[in-house]
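Taking it in order: structure first as structure tokens, then the write-up.
Derivation of every value follows stated rules applied to the coordinates shown; laboratory data play no part. In this text, all values refer to a predicted model and were calculated from it rather than measured experimentally. Don't worry about glycine lacking a Cβ; one is built from the backbone with ideal geometry, like all the others, and counts go over all protein chains shown.
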Amino acid sequence: MIMRIFQVVVRPGKEAEFSNFFHEMAIPLMKGTPGIVSVLPGAPRADSPREFSFVMIWENLDALKAFVGEDYQSPHIDPAEAELVESRTIRHYDLVET
């Protein structure tokens, strides 16, 4: 399985607007995506008020590529949120099951 960690830093003043997008669109979309085993959304904390994240567990790399395409190592972003986001990062790991 593949662990995908996606993080965004929201533009100053866009926190509430992005939070609405995150809760109303992004979380339901990810939870309903074929090939995803688990979705762990992360909301901002007081010490990082503009940072949101997703930790996603994918069945395998093929499932991930079916969703984002061959360029899975780039942090894709929905056009609806592009103007709200200052920066984004993506990381992939092999899941270690314990």
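Using a cut-off of 13 Å between beta-carbons, work out the net charge of the residues near residue 90 (Lys and Arg +1, Asp and Glu -1, residue 90 not included).
In short, +2.
Determine, for 92, 76, the number of other Cβ atoms within 10 Å of each Cβ, and report the residues in order from fewest to most.
76, 92
Under 14 Å from the Cβ of residue 25, count the other residues' Cβ atoms, weight Lys and Arg +1, Asp and Glu -1, and hand me the total.
Here the count lands on -3.
Once every DSSP H run of n ≥ 4 in the chain is given -39500 (n - 2.57) and the sum is divided by its residues, what mean residue ellipticity at 222 nm do you get, rounded to the nearest 500 deg cm²/dmol?
The helix-only estimate for the chain comes to -5000 deg cm²/dmol at 222 nm.
Using a Gaussian network model of the chain with C-alpha springs under 10 Å, which one of 11, 45, 88 is most mobile by mean-square fluctuation?
Largest GNM mean-square fluctuation: 45.
Return 47, 94 ranked ascending by Cβ neighbour count within 10 Å, so the fewest neighbours appear first.
47, 94
What ranking do 72, 93 get, fewest neighbouring Cβ atoms within 10 angstrom at the top?
Sorted ascending by nearby Cβ count, the order is 93, 72.
Between segment 1-21 and segment 68-94, what is the separation of their alpha carbon centroids in Å?
If you average the Cα positions of each part, the centres end up 10 Å apart.
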